[in-house]
Amino acid sequence: MRLRHIEVFHAVYANGSITAAAHALNVSQPSVSKALMHAESQLGFALFERAAGRLIPTEEARVLFEEARDVFDRLETLRSVAHNLRTGSGGHIRLAVVPALALDVAPIAISTFRAKNPGVTFSIQVLHHDEVDRTLLTREADIAVVYDSAEHPLLLAFKIGSGEIMALSRDSELGMRNGPLALSELVDFPYIGSADTGPVSDILESALTKQSLTLNEVVSADAYYAAVELVRRGGGVALVDEYTAKARLTDGLTVHQLSGELTFGVYCIHAADRPLSRLTRNFVTELKRELSQARTRHNQSE
């Protein structure tokens, strides 16, 4: 089957009729009929049976459709890549970041960079860590800034910063402390956990397992900023990355450093076959500066 045959077959099978397939493909009905007949001629067997004005897939078509669907999905990915290559050049940076860095670090870095480079435009996507690989590989973003290094063979990563996991509570919850807080001191408090399975959660789970600790989880939130809001409203104590804690810290909340220094890296990731442009490298430098300054602001506020 030629690619055009696959496209027409997929459209007819998925839409149930030649008329609907022609509409989906934005072509005439005769052209769809002709392509379908040619495909059946090339294959040597019928793909559809005509019954009561409808097309009923044959058993051979049902088997073939499973394979055709994979090819069609690849064609759609190819089109997406081609579109993003066409629209992603020039003075435009397409950035993907994890939610925590979208609260404060990324917006400040973009604003500062644009003040120096007013001709540069940006698009920003806020993604969970498991969405990053696909976004970079399909050219939907030029770079991603995440709390984890790349493991995909077609992606490259380099470290641009670091951070700590910290405890966040209301001022009255844990009281004023002079030193780091041990995880074991949290076991008797209501704990707002995270449904996220990213690197910060992995580090925390590893530390709890190593110390044979189980926290009293009363709420599970799939984003750290949601956990912070629950803390603010008296829901319990949360363990979050320091960038989220810093961005959402207001009067009435206290951030506690943890003993054992549960640290994580901040990485910039890009496609291996697309070296960073000079413009993008300059922006990454601005990001590194803002990550460092964000940590400094937090330390000064303690």
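Confirm whether Tyr243 is buried (at least 23 other Cβ atoms within 10 Å of the Cβ) and closer than 21 Å to His128 by Cβ. The answer is yes for Tyr243.
Summed over segment 251-288, residues that are touching a helix residue (DSSP H, G or I) at 6+ places or on another chain (Cβ under 7 Å) and either in a strand (DSSP E or B) or among the β-branched types (Val, Ile, Thr) (or both) total 11. Does Gly193 satisfy being farther than 21 Å from His256 by Cβ and either touching a Ser or Thr at 6+ places or on another chain (Cβ under 8 Å) or surrounded by 18 or more Cβ atoms within 10 Å (Cβ to Cβ) (or both)? Here the answer is no, as Gly193 does not meet what is asked.
Rundown of residues vs (1) in contact with a Pro (Cβ under 7 Å, 6 or more places away or on another chain); (2) β-branched (Val, Ile, Thr); (3) under 30 Å from Ala271 (Cα atoms); (4) at pLDDT 90 or above, yes/no style:
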site: Val12; (1), (2), (3), (4): no, yes, no, yes
site: Ser17; (1), (2), (3), (4): no, no, no, no
site: Phe72; (1), (2), (3), (4): no, no, yes, no
site: Thr77; (1), (2), (3), (4): no, yes, yes, no
site: Val81; (1), (2), (3), (4): no, yes, yes, no
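Scanning segment 277-297 for residues that are at pLDDT below 90 and either over 30 Å from Ser172 (Cα atoms) or not assigned by TED's automatic domain parsing to the domain that holds Glu140 (or both) yields Ser277, Arg278, Leu279. Going by what's in this entry, would Phe122 be described as part of a strand (DSSP E or B) and of a type in the set (Phe, Trp, Tyr)? Criteria met by Phe122. Scan segment 54-68 for residues that are modelled with pLDDT of 85 or more and basic (Lys, Arg) and jot them down. Scanning segment 54-68 gives a single hit, Arg62. Taken as a whole, the condition of being hydroxyl-bearing (Ser, Thr, Tyr), assigned to a helix (DSSP H, G or I) and closer than 21 Å to Leu262 by Cα applies to Thr209.
Criterion applied to Val97, Val105, Val200, Val145 was being assigned by TED's automatic domain parsing to the domain that holds Val255 and surrounded by 15 or more Cβ atoms within 10 Å (Cβ to Cβ), and the one residue passing it is Val200. Among the residues of segment 205-219, is there at least one that is surrounded by fewer than 16 Cβ atoms within 10 Å (Cβ to Cβ), out of contact with any helix residue (DSSP H, G or I) (no Cβ under 8 Å at 6 or more places or on another chain), among the hydrophobic types (A, V, I, L, M, F, W, C) and at negative phi? Yes, the conditions are met somewhere in segment 205-219. Residues satisfying the criterion are present in segment 84-97 (criterion: out of contact with any Ser or Thr (no Cβ under 8 Å at 6 or more places or on another chain), modelled with pLDDT of 90 or more and under 24 Å from Ala223 (Cβ atoms)).
Exactly one residue out of Ala46, Ala51, Ala21, Ala35 is modelled with pLDDT under 85 and over 31 Å from the mean Cα position of the chain (by Cα), and it is Ala51. Only one entry in Ala247, Ala227 is outside any strand (DSSP E or B), outside the structural domain of Val105 (by TED's automatic domain parsing), modelled with pLDDT under 90 and touching a strand residue (DSSP E or B) at 6+ places or on another chain (Cβ under 7 Å), namely Ala227. Applying a threshold of 6 Å to beta carbon distances and a minimum spacing of six or more residues, or different chains, the list of pairs starting in segment 42-69 at a residue that is free of Cβ contacts under 8 Å to residues at least 40 places away in the same chain and ending at one that is among the small types (Gly, Ala, Ser) and surrounded by 15 or more Cβ atoms within 10 Å (Cβ to Cβ) reads Leu47/Ala61.
The values are calculated or read from the model by the stated rules, or taken from the named source; none is laboratory data. Everything numeric here is computed off the predicted structure, so don't read it as measured data. In this analysis, Cβ positions are derived from the backbone assuming ideal geometry, glycine residues included, and neighbour counts consider all displayed protein chains.
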